[in-house]
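Read-outs: derived from the displayed coordinates by stated rules, not from any lab. The structure presented is a predicted model; accordingly, all values stated were derived computationally and were not measured. Because the Cβ atoms are built from the backbone with ideal geometry, glycine has one as well, and the counts that use them run over all protein chains shown.
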Amino acid sequence: MHRPAELLLCLALLATALPALAEKADKDKPVNLEADSLRVDDASRTAVYEGHVVLTQGSLMLTADRIEVRQDGQGFASGDASGKPAYFRQKMDGRNEYAEGWAERIEYDSRAEKLRLTGQARLKRGEEELRGNLIAYEGKSGFYQAQGGNGRVRAVIRPKSLSGGTAVKP
């Protein structure tokens, strides 16, 4: 049977894997979590944090109204954070930039390495930004997808400049 401490470890795994290219050192830092309430079900391997949830681990900060974390038999974690909006911010590995995301719901599956932001979703990495009703990212392939609630998505892509002012592809 899994202990609440194991579910907290799953939450840490979930948290450190949220944005692509996240600060690798964060996974070795302690997880600090505050919420108005916590329910743990060892039998179903779930933990639910509710009410002004704030999670920090190294450079990662995640805020939500509710976070639910699940662990499968092989130890993989998945979770959902919901809020008006749920928000995360984390330093990108090897860069002096941050990844930030806002959405009504943020879902992560560590086994599939997939991140989904749904409901007025916004993802910002450095100076680049993507908005839509749904933003999905597959970590294994590096594939992004965005869908607009009204059929439109919005992206802001800043050119990377070399010393001569020539733009290069990211």
Do any trypsin sites (Lys or Arg not before Pro) in region 81-131 lie in a loop, going by DSSP, with at most 14 other beta-carbon atoms within 10 Å of their beta carbon, and if so which?
-> 95, 111
Taking H as built 1.01 Å from N, whose amide H comes closer than 5 Å to the amide H of residue 114, not counting residues under 5 places away?
-> 109, 139
Which part of region 127-142 falls in the paramagnetic zone of residue 152, meaning amide N under 18 Å from the point 7 Å along Cα-to-beta-carbon?
-> 129-135
Theoretical gain in end-to-end length, residue 141 to residue 27 [0.36 nm per residue, Cα-Cα removed] = 38.9 nm
Could you pull out every residue, at least 5 positions away or on a different chain, whose amide H is within less than 5 Å of the one on residue 97? Hs are placed 1.01 Å off N in the peptide plane, and Pro or chain starts have none.
-> 92
Can you find, among 156, 46, 74, the residue farthest towards the positive end of the dipole of region 42-170? Put +1 on the C-beta of Lys and Arg, -1 on that of Asp and Glu.
-> 156
For each of 46, 63, count neighbouring Cβ atoms within 10 Å of the residue's Cβ, then give the residues from fewest to most.
-> 46, 63
